[in-house]
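The numbers here are math on the coordinates, done by the rules we state, and not lab data. All values reported here derive from a predicted model rather than from experimental measurement. In this analysis, Cβ positions are derived from the backbone assuming ideal geometry, glycine residues included, and neighbour counts consider all displayed protein chains.
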Amino acid sequence: MSTRQRQGVPVRVVNSFRAAWLRVEGQWMWYRRYWRSNLYSSGLQPLLFLAAMGLGFGSQVEPGPDTEGVGYLQFVAPSMLVAGAMMNAVLESTWKVASGFQWQRQYVAAVATPITPGQVFGGELMWVAVRLLVSAGVYAVIALPLGAWLGFGAALAVPIGVLTGLAFAAPVMALSATVRNPSNAFSTLLRFGVIPVMLFSGTFFPISVLPTPVQALVWLSPLWHGNELARAAALGGAEWLPALGHLTFLAAVLVGGGLLARHRFYRRLVV
């Protein structure tokens, strides 16, 4: 522990990780009451979508170069895991985070204690990681009997999905800590940001079928990098240099978004 000043009064500052973990524990106290309904929306709903796309629509798609020589179910399963992680991360980082500032004001109450705004943000990001790990794990396990995975490399799709989700969560939390009219901002984000990114980042088809200028935009999408990584791991075609590039991009977005979000949390919560 160390001592810092708050409005001229010295207060004790707890260990950063421990303080952030207190936020995770608080979220868990809520989650354990509603995990059944929440698990459906975050884990089973993407699985039902996989069944519709992979088994339903996918039965009409012949394996070929566009599906990397495998069935459409195996082609789309890794990207559906990653896209589901992205969607869950965005949902966890929008209205709930805004509520902590404006409506329920849990963050305002937290920083009235020795916990800092940076530790509040760290706890929220850690909780998102826990949620993504659980939902991605449920998806991966239940997708197995459907024949979605071809080898043990598919296990790597889970941490890749978590990393991709966090790369979205950090900058979205920065937005949530900034906007004063969350409903309009989040509706716009979902309608014109998240949905187009999901559709055109190689989730359902390779981006090689898109016009070249559009492909250049897709390269800036963390979801495309996550899809490429997860698909290569699940199908066994990973090459170390492209994989390193994808990982570097995702890590850079996560770190940059995290630093921005931490700064925004301090600006919003420190009077």
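Quick notes on this structure:
- Relative contact order (percent, whole number), the chain, Cα cutoff 8 Å, 6+ residue spacing: 25 percent
- Derived scalar couplings ³J(HN,Hα) [the range 250-255; Karplus, 6.51 cos²θ - 1.76 cosθ + 1.60; whole Hz; x for Gly, Pro]: 4, 5, 5, 5, 5, 5
- Springs between Cα atoms under 10 Å define the GNM used for the chain, and in it the highest mean-square fluctuation of Gly137, Gly161, Gly71 occurs at Gly71.
- Computed 3J(HN,Hα) for the range 89-99, one whole-Hz value per residue from the Karplus formula 6.51 cos²θ - 1.76 cosθ + 1.60 where θ = phi - 60°, is 5, 5, 5, 6, 9, 10, 4, 5, 5, 4, 5, glycine and proline marked x.
- Of Arg18, Arg131, Arg32, the one that fluctuates the most in a GNM where the chain has Cα springs shorter than 10 Å: Arg32
- Candidates Phe75, Thr94, Met198 compared by Cα position along the dipole of the chain: farthest toward the positive end lies Thr94, with charges placed on Cβ.
- Applied to the range 204-209, the Karplus parametrisation 6.51 cos²θ - 1.76 cosθ + 1.60 on θ = phi - 60° returns per-residue 3J(HN,Hα) values of 10, 7, x, 6, 5, 7 Hz, with x for Gly and Pro.
- Residue order, fewest to most surrounding Cβ atoms within 10 angstrom, among Val130, Val70, Val120, Val82: Val130, Val70, Val120, Val82
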